[in-house]
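Presented below is the structure to which this report refers.
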Amino acid sequence: MSTTTATATLPQATPPSIPIVAIGKTRATALQLSSIFAAKSTPYYLAAVLDMTESPKEYRFSDQNLGAVLWTLNPRLRAVVCGTAIGEDLLMGIERVWNEYAKDILRKEREGAEGKQGGVVAVSATSSTA
């Protein structure tokens, strides 16, 4: 008499995907984040890119265009990553727009959903993470 054992395969938990917007002087530089995130196996992915030189003028980075991206994309963006060519004066504007978005949109969505936070990060091309 043979015995057959049935095994059930449990579904694998899908790792969280965290959408971000990258801001860079050039589009190509901002897009390099995708390969960095993939190589490091992070949950981050580029949902939007704003640049300062390569896109048509009306679509380049501005506080207004950043606000439009933040308020309209879904799933909601959880972070803004800026390249090193972004000056302090621009970072202050980016931070102001992000804080308005976080206050108006993310806070409302976070109520009752712990752990979903975001922020503005300026990164160096030479920085590394362990």
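The values are calculated or read from the model by the stated rules, or taken from the named source; none is laboratory data. Only a predicted model underlies this, so the values are computations on that prediction, with no experimental measurement involved. With ideal geometry, Cβ positions are generated from the backbone for all residues, glycine too; neighbour counts draw on all protein chains shown.
Which number in (1) closer than 19 Å to L31 by Cβ; (2) at pLDDT below 90; (3) touching a helix residue (DSSP H, G or I) at 6+ places or on another chain (Cβ under 9 Å) marks the one condition that K116 misses?
With respect to (1) closer than 19 Å to L31 by Cβ; (2) at pLDDT below 90; (3) touching a helix residue (DSSP H, G or I) at 6+ places or on another chain (Cβ under 9 Å), K116 is out only on (1).
Does at least one position in segment 75-84 carry a residue that is more than 14 Å from the chain's Cα centre (by Cα), at pLDDT 70 or above and either among the hydrophobic types (A, V, I, L, M, F, W, C) or under 20 Å from L46 (Cα atoms) (or both)? Please lay out each step first, then the result.
Looking only at segment 75-84, we keep the residues that are more than 14 Å from the chain's Cα centre (by Cα), and these are 84.
Restricting the remaining residues to those that are at pLDDT 70 or above gives 84.
Filter again for either among the hydrophobic types (A, V, I, L, M, F, W, C) or under 20 Å from L46 (Cα atoms) (or both), leaving 84.
Yes, segment 75-84 contains at least one residue that is more than 14 Å from the chain's Cα centre (by Cα), at pLDDT 70 or above and either among the hydrophobic types (A, V, I, L, M, F, W, C) or under 20 Å from L46 (Cα atoms) (or both).
Name every residue in segment 52-96 that is surrounded by 15 or more Cβ atoms within 10 Å (Cβ to Cβ), outside any loop (DSSP other than H, G, I, E, B) and among the polar types (S, T, N, Q), in order of residue number.
Answer for segment 52-96, where residues must be surrounded by 15 or more Cβ atoms within 10 Å (Cβ to Cβ), outside any loop (DSSP other than H, G, I, E, B) and among the polar types (S, T, N, Q): just N65.
Write out, first by first residue and then by second, each pair whose Cβ atoms fall under 6 Å of each other, whose residues are 6+ apart or on separate chains, and whose first residue, in segment 16-35, is farther than 16 Å from L77 by Cα while the second is part of a loop (DSSP other than H, G, I, E, B) and of a type outside the set (S, T, N, Q).
G24/G83; K25/M52; K25/A85; T26/E54; R27/E54; T29/G83
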